[in-house]
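Take a look at the structure below.
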Amino acid sequence: MTELRLRVNGATTALSLPPQVSLLDALREHLGLTGTKKGCDQGACGACTVLADGVRINSCLALAVQYEDAEITTVEGLDDPLQAAFVRHDGLQCGYCTPGQLCSALGMLGEHRSGMPSAVTEDVGAPRTELTDAEIRERMSGNLCRCGAYNGIVDAIREVATP
């Protein structure tokens, strides 16, 4: 067992876990934070996306011990206008992927604000000003939605990204 302290949604909790426990399993099974979903458990669907120090990660691929010194934010810790925009634009349908979509979108917006280019950025040297639909779709491509709420998700992200 490994003794560690995880900071999640502003609260620090001491845990005793085997070193191979994923961050996802620590959140769900040991901290009772079940908003983060286990989808593929292989990092392909994005349902388990959380923020670690503001950066989006697939928590199913991360070991809990790797994030002892990070501030982890799950959907339970969010309080952002993006959540209301998802509701307004019907970007949640069944809701299973919504927690990961929200965390990923917030991380993605931070990436864009910091000037990080994406695979569809035409001029990587130019300053990032507008977040186009193509940019949003590319930057969110690691999060799958079986219900097909993609248009609503793009609309919600565009709404909060527009100053």
Say whether the condition of being surrounded by 14 or more Cβ atoms within 10 Å (Cβ to Cβ), of a type in the set (Ser, Thr, Tyr) and out of contact with any strand residue (DSSP E or B) (no Cβ under 8 Å at 6 or more places or on another chain) is met by at least one residue in the range 103-110.
no
In the range 58-69, the residues that are of a type in the set (A, V, I, L, M), surrounded by fewer than 20 Cβ atoms within 10 Å (Cβ to Cβ) and not in a loop (DSSP other than H, G, I, E, B):
LEU63, VAL65
Which of the following residues is more than 17 Å from the chain's Cα centre (by Cα), in contact (Cβ under 8 Å) with a residue 40 or more places away in the chain and over 21 Å from ALA26 (Cβ atoms): GLN93, GLN66?
GLN93
The range 81-97 - residue that is exposed (fewer than 15 other Cβ atoms within 10 Å of the Cβ) and assigned to a loop (DSSP other than H, G, I, E, B) and, of those, modelled with the highest pLDDT:
ASP90
If only one of THR49, THR74, THR34 is open to solvent by 50 Å² or more (accessible area, probe 1.4 Å) and at pLDDT 95 or above, which one is it?
THR34
For the range 132-163, which positions are without any contact (Cβ under 8 Å) to a residue 60 or more places away in the chain, assigned to a loop (DSSP other than H, G, I, E, B), within 18 Å of GLU111 (Cβ to Cβ) and open to solvent by less than 20 Å² (accessible area, probe 1.4 Å)?
MET140
Could you please let me know if GLY115 is open to solvent by less than 50 Å² (accessible area, probe 1.4 Å), free of Cβ contacts under 8 Å to residues at least 24 places away in the same chain and touching a strand residue (DSSP E or B) at 6+ places or on another chain (Cβ under 6 Å)?
no
If I filter the range 70-79 down to residues being touching a residue at least 60 places away in the same chain (Cβ under 8 Å) and not in a helix (DSSP H, G or I), which single residue comes out as farthest from ARG7 (Cα to Cα)?
THR74
One residue is enough: does the range 122-137 have a residue meeting the conditions modelled with pLDDT of 90 or more and in contact with a Phe, Trp or Tyr (Cβ under 9 Å, 6 or more places away or on another chain)?
yes
Give me a count of the residues in the range 1-22 that are closer than 20 Å to THR74 by Cα and among the polar types (S, T, N, Q).
4
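Yes or no, residue by residue, for (1) part of a helix (DSSP H, G or I); (2) over 26 Å from ARG113 (Cα atoms); (3) without any contact (Cβ under 8 Å) to a residue 24 or more places away in the chain; (4) within 14 Å of the chain's Cα centre (by Cα):
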site	(1), (2), (3), (4)
LEU6	no, yes, no, no
THR13	no, yes, yes, no
PRO19	no, yes, no, no
ARG28	yes, yes, yes, no
GLY35	no, yes, no, yes
GLN42	no, yes, yes, no
VAL50	no, no, no, yes
ARG56	no, no, no, yes
Do the conditions hold for GLY125, that is, is it loosely packed, with under 13 Cβ neighbours inside 10 Å and in a loop (DSSP other than H, G, I, E, B)?
yes
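The values are calculated or read from the model by the stated rules, or taken from the named source; none is laboratory data. Nothing here was measured: the structure is a model prediction, and the numbers come from that model. When we count neighbours, we look across all protein chains shown, and the Cβ atoms used for this are built from the backbone with ideal geometry, even at glycine. To get the accessible areas, we keep the full protein, side chains included, count just its heavy atoms, and leave off ligands, DNA and RNA. Shrake-Rupley method; radii C 1.70, N 1.55, O 1.52, S 1.80 Å.
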